[in-house]
Every structure is written in structure tokens, then in C-alpha cells.
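See below for the structure under consideration.
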Amino acid sequence: MKRQYFGTDGIRGPYGGPVLTDAFAARLGFAAGKFFLGQWPDRRQAFLARDTRASGQALLEAVARGLAAAGMSPCSLGVLPTPAVALAVTRKATGPGVMITASHNPAEDNGIKFFLPSGLKLSDADELAIEALLVNAPATVPAIGLAHLDFAAEYLVSVLGLLPRGCLAGWRIALDTANGATVGTSPAVLRGFGAEVAQLGGAPDGANINAAVGSEHPEALVSLVREGGFRLGVAHDGDGDRCVLCDETGALLDGDEILTLLALHALRAGTLNARTLVVTQQSNLGVDAAITAAGGRVCRTPVGDRYVMERMRAEGATLGGESSGHVICADEAASGDGLVAALKVIAVMRESGRPLSELRKQLRKFPQRSSALKVKEKIPLEQVPVLCEAIAALERELGAGGRVLVRYSGTEAKLRLLVEGPEDAVVDAAMLRLVSAARAGLQVI
């Protein structure tokens, strides 16, 4: 059964649009509360946090009202990164967690993510169950006096335990916090380790989250690092559950390079659980080649960090993630944490004594091109014959030496296209054919 509201990572859309309103958020909170209490009747407290969007507080309060009307006791953690919410529900042994964020989307969007009491995200079945309960959710719920808890210090202490205090003395690190949820936490941690931090995207005003900053827009970070003297650059998305890095030359590293670097280091040390790395369909085929050559194995999942975590648990793996920069270090956190990922890479740099520009060379990427087309309507791909024919033809031509991946975004009205192959010219030509077919079969905006 298809979900109506939930996408790849929670519910997301324009605030005040056809779905994401305060009234809908309150009804969703009620439905979610009924679902959680049905599963965990003794875990009535729920923790809620948000990023820095202007709409965040209103949505948080609306979800909290709905949870309270369902019989739960909501408590606000204020502005915190998404992984801090997952940590809070596990540390405090409470009920669920809720994060109000649209991640890397622009400020006019917002969204709602839920966490189970285990700190894990909802399954598809959980989301379908909550959507079914929406039918009987009341149109309005009463106002409440919302409790508050300062959890930032506990999150900081947890992350500061990952490396020795003072170990980054003499390091200069460029940090882009995207005017988002990590604006106070990530610089505090890096400085707590002794690093000198130059911060970008550190002045949120409610409207500038992800605006020309952050992991989706790392150009300013790259320019800053290229001025010289920085060991690396770190860029978060708006809610801090992912990061991209740049080496000391200003060259960017995506999630595939971060994951490969960490996995190979762990394989050499004999600490990669099940000798397995879990990635999504989006990751470059070069990841498989590098890990297999080192004696490990790669498992692939559909796009979405919760699918990665589900497969990690099934395989007994502790490392996985996405090319977008979601990196899950399950031995440290129950969800993706961009700061933890950056610290893990820094630990490898310290142990190996090698700069990031050398460590990244362990992944030789296959030529790859990707594109995202805004569409008016997400017509099922099997109902777009011209696109299906183009995909089939390209798959025959590329054979085992490449691949084609076409899917709709789970969070935006976009068609995402990816082509990999043996040579740049082959991949470029294939992408042109794929884009042409998509434009012929869909209403591209």
C-alpha cells in the first residue's frame, strides 16, 4: 500500500502549502501519539526539537498539542540537530522523538520526522499505520503548556567522548553550519578538542537556513579552505544529520568517499563488523570495487538512511550511509550524525598521519553523471513508455560495465537520474538520452 504523506525521510513540503500546516501537524501528532501508545503504553514522554526555520516553533507546538491530546507528555528540546533527538530518546528511555526540519531544503519548506523509542526511524509499515489513524484525528486540539528540557550539554558531552580532549590543538578547521541546527553544537565540539574553527553559516535568522551555505552549497567553504592553512572543511545540512568534507586543497569529498575511507581503515584494523559496508543504490560502483578488493563486502539498499540502518541491523554491520553525506556509525549513534562522521574521518587522519587529500585516493570512482528534473506530477515510471524504453536500451548497452538509476525523490517533486559507465563520453551521451526521454514523457518544469 502506498503512503500518502510520508516520503523517504518523514513528511516534507512548503509550510502553509496543501499539506504542511499547523492544523495538519496537530492531527499528525495525535495520530502518531495513538500509534506510539498502542505499541509502548508505558512510554508517554515524547521529545521534540527543531532546526532554525521561522516556521519551526509553530509546527513543533502543533505536533506537541496533538501528542498531548492523544495522551502523551511532549517536551521541547529547542533547536538541536536531528541526531541529538535520537540520542535523547535512547538516553532518557522515553517514548518517541520528533524532529521538525526539512533538512537541506530551503527555508520556506519544513517537515516532520519521527523516531521510535529505540532511536531508530519509522518503518514503512509504521508510517502506514500512522496515516491510517489520521482518519480519526480531531480537526482541532486544545492548547497546552509545553515542558522544556536543555539537552544540548548532554549531546555535546557524548560527542566529546569520541576523541581525546585537546587532540586537535594546532588544527585549523573550516566549518559551515548552514545557518541551521548545528550552529551552536558543532563549533563547540571542535573547539572543545582544541581546534581553531572558522565558521560559515553561523547566523540563522529564520529565513537563511541552507541559503548559499551548507552541504548543498559548499562553494563558500571551498573558497575559504583554498585560502590555505586548513586541515579540512566540514559542511552540514540544515538539521545536521549529514556532512560533506573538503580536503586541505579545497577538493570536495562526498558520502561515498567518506564511507570508503572509514570502511577501508576499519577493515585494516579488523574492526569493520561483519566486514560489511551498507550503501544505497545511489552510491558509485567504485565503492564496491574498493571494498571487495580489501576483503570486505558491500550491501545495497533503496535510497533513504532508514533503509540503510534496517539493512545494517540485519547484516550485523555498524557502518553505512548514502552518497549525499548521511553516514551512520552505529557503534556511536542510532542515526546519521554529520559531526560524528567528520570526527571519525579526523580520527583516521590522526592515526594514519596522512592528509585527507591522500586518504581520499583509496576510492577510484566510476564515471558518473546525475541530474534532477522538477516535474509537475510524479507519474508512475511504468506509465512513461518513452522513458522505460530509454532505460532498457541503455542498460543493454552498458551491460555489467555500468548502470542506470531513475527514481522520484521521496521528499521533493523531482525525478532523479543517474548513469555510470566505463568512460566519460559514454556516460555523458547516455545522460543526454535519458534526460531527453524524461522530458518527452513527463511534464518537466
- Item | Enumeration of residues in region 189-208 that are surrounded by fewer than 16 Cβ atoms within 10 Å (Cβ to Cβ) and within 17 Å of HIS236 (Cβ to Cβ) | ARG191, ALA203
- Could you please give the count of residues in region 152-199 that are in a loop (DSSP other than H, G, I, E, B), of a type outside the set (S, T, N, Q) and closer than 20 Å to ASP241 by Cα? 8
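Could you tell me whether VAL234 is of a type in the set (Val, Ile, Thr), within 30 Å of GLY78 (Cβ to Cβ), outside the structural domain of PRO81 (by TED's automatic domain parsing) and surrounded by 21 or more Cβ atoms within 10 Å (Cβ to Cβ)? Lay out the reasoning, then the answer.
Details: of a type in the set (Val, Ile, Thr): yes; within 30 Å of GLY78 (Cβ to Cβ): yes; outside the structural domain of PRO81 (by TED's automatic domain parsing): yes; surrounded by 21 or more Cβ atoms within 10 Å (Cβ to Cβ): yes.
In short, yes.
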- Of (1) at pLDDT 95 or above; (2) in contact with a helix residue (DSSP H, G or I) (Cβ under 6 Å, 6 or more places away or on another chain); (3) of a type outside the set (D, E, K, R), GLY119 satisfies all except one. Which? (1)
- Have a look at GLU315, GLU257 and point out the one that is of a type outside the set (S, T, N, Q) and farther than 25 Å from VAL427 by Cβ. GLU315
- Within region 107-144, track down each residue that is closer than 18 Å to ALA333 by Cα and either touching a Cys at 6+ places or on another chain (Cβ under 7 Å) or of a type outside the set (Gly, Ala, Ser) (or both). LYS113, PHE114, PHE115, LEU116, PRO117, LEU120, LYS121, LEU122
- Item | The lone exception for LEU387 - which of (1) loosely packed, with under 15 Cβ neighbours inside 10 Å; (2) assigned by TED's automatic domain parsing to the domain that holds LEU434; (3) assigned to a helix (DSSP H, G or I); (4) touching a residue at least 24 places away in the same chain (Cβ under 8 Å) it fails | (1)
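So is ALA88 in contact with a helix residue (DSSP H, G or I) (Cβ under 7 Å, 6 or more places away or on another chain), at pLDDT 95 or above and either buried (at least 24 other Cβ atoms within 10 Å of the Cβ) or among the aliphatic types (A, V, I, L, M) (or both) or not? Explain how you work it out, then say what you get.
Details: in contact with a helix residue (DSSP H, G or I) (Cβ under 7 Å, 6 or more places away or on another chain): no; at pLDDT 95 or above: yes; either buried (at least 24 other Cβ atoms within 10 Å of the Cβ) or among the aliphatic types (A, V, I, L, M) (or both): yes.
Against the criterion (in contact with a helix residue (DSSP H, G or I) (Cβ under 7 Å, 6 or more places away or on another chain), at pLDDT 95 or above and either buried (at least 24 other Cβ atoms within 10 Å of the Cβ) or among the aliphatic types (A, V, I, L, M) (or both)), ALA88 does not qualify.
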- Residue by residue through region 297-342, note down the ones that are in contact with an Asp or Glu (Cβ under 6 Å, 6 or more places away or on another chain), closer than 16 Å to ASN273 by Cβ and not hydrophobic (A, V, I, L, M, F, W, C). THR318
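Taking VAL298 as the residue in question, decide whether it is buried (at least 18 other Cβ atoms within 10 Å of the Cβ), farther than 29 Å from PRO187 by Cα and in contact with a helix residue (DSSP H, G or I) (Cβ under 9 Å, 6 or more places away or on another chain). It would help to see each step written out before you state the result.
Numbers: buried (at least 18 other Cβ atoms within 10 Å of the Cβ): yes; farther than 29 Å from PRO187 by Cα: yes; in contact with a helix residue (DSSP H, G or I) (Cβ under 9 Å, 6 or more places away or on another chain): yes.
So VAL298 fits the description; yes.
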- Tell me which residues, restricted to region 129-139, are surrounded by fewer than 16 Cβ atoms within 10 Å (Cβ to Cβ) and either part of a helix (DSSP H, G or I) or not assigned by TED's automatic domain parsing to the domain that holds PHE24 (or both). ALA132
- Selected residue (criterion: farthest from the chain's Cα centre (by Cα)) from residues of region 223-242 that are closer than 21 Å to ARG354 by Cβ and assigned to a helix (DSSP H, G or I): ARG226
- Task: For ALA342, indicate whether it is at pLDDT 95 or above and in contact with a strand residue (DSSP E or B) (Cβ under 8 Å, 6 or more places away or on another chain).
- Result: yes
- Message: Within region 333-349, does at least one residue satisfy the condition of being of a type in the set (Ser, Thr, Tyr), surrounded by fewer than 18 Cβ atoms within 10 Å (Cβ to Cβ) and not assigned by TED's automatic domain parsing to the domain that holds GLU420?
- Response: no
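Would you confirm whether any residue within region 289-300 is in a helix (DSSP H, G or I), on the phi > 0 side of the Ramachandran plot and in the same structural domain as ASP331 (by TED's automatic domain parsing)?
From region 289-300, those in a helix (DSSP H, G or I) are 289-293; that's our starting set.
From what is left, the residues that are on the phi > 0 side of the Ramachandran plot are none.
The answer is no, given that none of the residues of region 289-300 is in a helix (DSSP H, G or I), on the phi > 0 side of the Ramachandran plot and in the same structural domain as ASP331 (by TED's automatic domain parsing).
The values are calculated or read from the model by the stated rules, or taken from the named source; none is laboratory data. Just so it is clear, the model here is predicted, and its values are computed rather than measured. Glycine also receives a Cβ, built like all others from the backbone with ideal geometry; neighbour counts cover every protein chain displayed.
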